[in-house]
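Just so it is clear, none of the values below were taken in a lab; they were calculated from the coordinates. All values derive from a computational prediction rather than experimental measurement. Cβ atoms come from the backbone with ideal geometry, glycine included; neighbour counts cover every protein chain shown.
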Amino acid sequence: MESTSGPTPPGDEPAQPGDQPPQPPQWQERDAWTALDDLDASPALVPASEWPAGVTCLDRPGLFAFWATAAGAADLSRGLDLSLDAGRIYAGQAGATKWPSGKAGDDTLGRAVGHVHLGGKVRMSAFRWTLAAILFGQLELQGQAAMLITPSSELALGEWMRAHLSVAVHAHDDRDTLGGLEGAVLERLDPPLNLEDDLPATSLRQRVAVLRKRISREA
């Protein structure tokens with residue numbers, strides 16, 4: 001039977017055997033060392049209570065790291081029933097291209113840190129979800145629905161973050177290599193509250209995974 005679908009539009013040709021999905025370009029080793037310096041070795045820490053004071057790359061993509069004070073680490077240690085040292089506890093990226101789709105990212109450090117993590121909700125932020133799960137009893141947080149805590153609980157969590165956390169950032173304008181750079185940085189820093197599958201399955205990470213069930217993905 002003759003096809004009635006017409007010619008295939010340019011760019012919509014069906015995949016051929018052996019076709020490979022687009023691959024991200026390789027990040028540079030010098031970029032990793034610069035990022036590690038900004039996030040770990042000599043970070044310009046901004047207290048969360050003062051964010052974004054002094055930060056000049058709010059509209060750029062890049063990497064960020066959250067640091068906990070001694071008092072904040074003590075609270076987290078009590079919630080975990082495990083020891084967590086003060087210092088860098090979590091890191092992530094803002095604005096990376098998504099692979100293998102190649103869909104360009106549009107997030108920025110200003111939005112990711114200020115609006116998603118410090119000022120967002122647990123369903124928007126893996127970091128807030130983790131903190132809320134650990135501090136659930138201490139802050140008297142209350143669940144409301146799937147991946148949702150009450151507005152007063154979000155407010156209490158945000159106040160704790162502003163009181164006990166600081167932020168370091170590293171701008172990286174090549175969105176295509178940012179995701180790979182994040183992976184390399186996380187592998188070397190091994191932040192204790194990051195739960196990525198390719199990081200070691202420590203007892204602390206296993207404990208966080210259990211505690212996260214306090215704020216379930218299911219209603």
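Could you calculate the contour length gain from Asp81 to Glu187, that is, 0.36 nm times the residue separation minus the distance between their Cα atoms, to one decimal place in nm? Length difference between fully extended and current span is 35.7 nm.
Report the extension gain between Arg162 and Glu140 in nm, rounded to one decimal, defined as 0.36 nm multiplied by the number of residues separating them, less their alpha carbon distance. Mind showing how you got there, number by number?
Working: separation 22, 0.36 × 22 = 7.92 nm, distance 1.73 nm.
Stretched out fully, the Arg162 to Glu140 stretch lengthens by 6.2 nm.
Dipole of the chain computed with +1 at Lys/Arg Cβ and -1 at Asp/Glu Cβ about the Cα centre; of Leu63, Ala91, Met124, farthest Cα towards the positive end is Met124.
The dipole here belongs to the chain: it is taken about the Cα centre, uses +1 on the Cβ of Lys and Arg and -1 on the Cβ of Asp and Glu, and is about 940 debye.
Between the labelled values (1) 178; (2) 155; (3) 113, the entry that holds volume of the Cα convex hull per residue in Å³ as derived from this structure is (1).
Relative contact order, percent, of the chain when contacts are C-alpha pairs under 8 Å separated by at least 6 residues?
About 29 percent, as a whole number.
Of the peptides 126-137, 35-46, the order by per-residue mean of other Cβ atoms within 10 Å, starting with the highest, comes out as 126-137, 35-46.
Annotation: peptides 110-117, 76-83, ranked by per-residue average of other Cβ atoms within 10 Å with the highest first, follow the order 110-117, 76-83.
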